[in-house]
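Heads up, the thing below is written out as structure tokens.
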Amino acid sequence: RYDPSWGSLDARPLPAWFDEAKFGVFIHWGVFSVPSFGSEWFWWYWQKEKREPYVKFMDTNYPPGFSYEDFGPLFTAEFFDSNQWADILKASGAKYVVLTSKHHEGFTLWGSKYSWNWNAVDVGPKRDLVAELATSVRNRTYLHFGLYHSLFEWFNPLFLEDATNAFKTRKFPTSKSLPELYEIVTKYQPEIIWSDGDGNAPDTYWNSTGFLAWLYNDSPVRDTVVTNDRWGVGSICSHGGFYTCSDRYNPGHLLPHKWENCMTIDRGSWGFRRDARLRDYFTIEDLVKQLVETVSCGGNLLMNIGPTHDGRIPVVFEERLRQVGAWLKVNGGAIYGTKPWRAQNDTVTPGVWYTFSPKEEKVNAIFLNWPVSGILELGEPQAKLGETQVKLAGYEQLLKWVALGEKGLVIALPQLTPQQLPCQWGWTLQLTDIN
């Protein structure tokens, strides 16, 4: 059993499924999807920081005295079809999904008994959105279902009172935040608890170690659940399960601890923005590059989409997810279940990243640019004459190569028309029997 101390909790082995999964989809959905302007931090930027674009947006488009709470009934979800979402998630090739059960605005996407009249069952959709998505994901896919939960709430009076008391009082975590966490685990049995938003309070204020000890010892998901590292000031990148370190974290080198790169397809926001331009969205080439770099350095990629207030996954997000899925159909062997190799990227040719498939004992060299010459030089792998084999994922015949001794090898790529290429945005060479 685990004690409620970081020493004990940090010693818990991370359930193996998480490292094997490599790729998940993050979904930021909530009342902020109604104004869908600027950022999911809309309420804070408008009311607290009074940023000019947000103030002007409200003055221009809404009557005087309109409050953020008035957006609640407008969060309608009339087009939300959880089966359709599950099918898109499945097509993306992702192995897990993380839904924002509650963001910093405090609105819960389930009918929480601790969030009276500020939840999706009492206000807006009048539906338990968490339950609907959990059911569809479990019925229609093999994805692991996870929930994001914000510890703090920007404008909750109990939290503000505790903050004024320098967190010597604990009214908010004991009556709101912790009961919600126990509620979602017991009710929905998520296999990921993705915590966020410490509100500048220490983990002792949140009783994070107490909750995690219960989660790992006695909860219905104790054997499979994974957690992240956002459990109070100072815990990020040092305590908890896998490390996130910061949003959009991509170190570019191997880390000794399991980590995750959570990033957004829309460069500017986690929530849906009606004011986004096409150039604000990462291209599929960008996304494949992020996935490959992240996995080769031992991380998982959690790629975020923002649905609309009426429950649609915008077409641009659906397209990107389906494109990643199409790429993984060909190259998934170099991603899922792999381990980092001794070299993460190539020393001679830029844009080449390595992974290792332990079961097949294959080194995967994923190259992001197809060389004009048709010849690819790899400086890291050392070939064995008469033994090494080189294959292009999605192409039948073995490739010809010439060994350069300790300086690697040169590979002749097949001459293919664009239609004959196994995929369009990054290719995998599978190398067997190399030193």
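The values are calculated or read from the model by the stated rules, or taken from the named source; none is laboratory data. As the structure is a computational prediction, the values presented were derived from the model and not from experiment. As a convention, Cβ positions derive from the backbone with ideal geometry for all residues, glycine included, and neighbour counts pool all protein chains shown. Surface accessibility is based on the protein's heavy atoms, side chains included, excluding ligands, DNA and RNA. Shrake-Rupley method; radii C 1.70, N 1.55, O 1.52, S 1.80 Å.
Of the solvent-accessible surface of segment 211-338, computed with a 1.4 Å probe and all protein chains present, 51% belongs to carbon and sulfur.
Taking all protein chains as they are arranged and a probe of 1.4 Å, the heavy atoms of His144 leave approximately 40 Å² accessible to solvent. For the peptides 275-284, 15-24, residues were scored by their other Cβ atoms within 10 Å and the scores averaged per peptide; the highest-first order is 15-24, 275-284. Across segment 339-432, C-alpha contacts under 8 Å between residues 6 or more apart give a mean separation that, scaled by the residue count, equals a relative contact order of 30 percent.
The value of relative contact order for segment 6-334, using C-alpha pairs under 8 Å at least six residues apart, is 25 percent. Close amide-amide hydrogen proximity is noted between Asn304 and Phe26, Met263, Thr264, Ile265, each under 5 Å apart and 5 or more residues distant or on a separate chain (H modeled in the peptide plane; Pro and chain starts excluded).
Shape annotation for segment 339-432: C-alpha extents along the principal axes are 34, 26, 25 Å, from largest to smallest. Distance distribution note for segment 246-361: the fraction of Cα pairs above 22 angstrom is 38%. Contact order for segment 182-292, expressed relative to its length and based on alpha carbon pairs under 8 Å spaced 6+ residues apart, stands at 19 percent. Just to be sure I understand: with springs between alpha-carbon atoms less than 10 Å apart, which residue in Lys126, Lys50, Lys359 has the highest mean-square fluctuation in the Gaussian network model of the chain? Maximum fluctuation in the GNM of the chain, among the listed residues, is at Lys359. Binning the C-alpha pair distances of segment 62-171 at 5 Å intervals from 0 yields a P(r) profile of 2, 11, 17, 18, 17, 14, 10, 6, 4, 1 %, listed from the shortest bin outward. The lysines whose alpha-carbon is closer than 22 Å to the alpha-carbon of Lys56, local same-chain residues fewer than 8 away aside, are Lys48.
The listed peptides 33-46, 153-166, ordered by packing as a protection proxy, come out as 33-46, 153-166 (highest mean of other Cβ atoms within 10 Å first). Altogether, the Stokes-Einstein calculation at 4 °C and 1.567 mPa s, with the Kirkwood radius of segment 11-137 over Cα pairs as Rh, returns a diffusion coefficient of 79 µm²/s.
Partner lysines whose Cα lies under 20 Å from the Cα of Lys289, excluding those fewer than 8 positions away in the same chain, are identified as Lys22, Lys95, Lys258, Lys329, Lys339. Based on protein heavy atoms only, segment 339-432 ends up with 54 Å² per residue of surface accessible to a 1.4 Å probe. The translational diffusion coefficient of segment 185-302, from Stokes-Einstein at 25 °C and 0.890 mPa s with a Kirkwood hydrodynamic radius over alpha carbon pairs, comes to 154 µm²/s.
Under the combined filter of DSSP loop state and at most 11 neighbouring Cβ atoms within 10 Å, segment 128-207 retains these trypsin sites (Lys or Arg not before Pro): Lys168. Within the same chain, aspartates and glutamates fewer than 8 places from Lys168 are excluded, and of the rest, those with a Cα less than 14 Å from its Cα are Asp203.
With a ≥ b ≥ c taken as the square roots of the eigenvalues of the C-alpha gyration tensor of segment 112-164, please select rounded if a/c is under 1.5 and otherwise prolate if a/b is larger than b/c or oblate if it is not? It comes out oblate by the Cα gyration axes.
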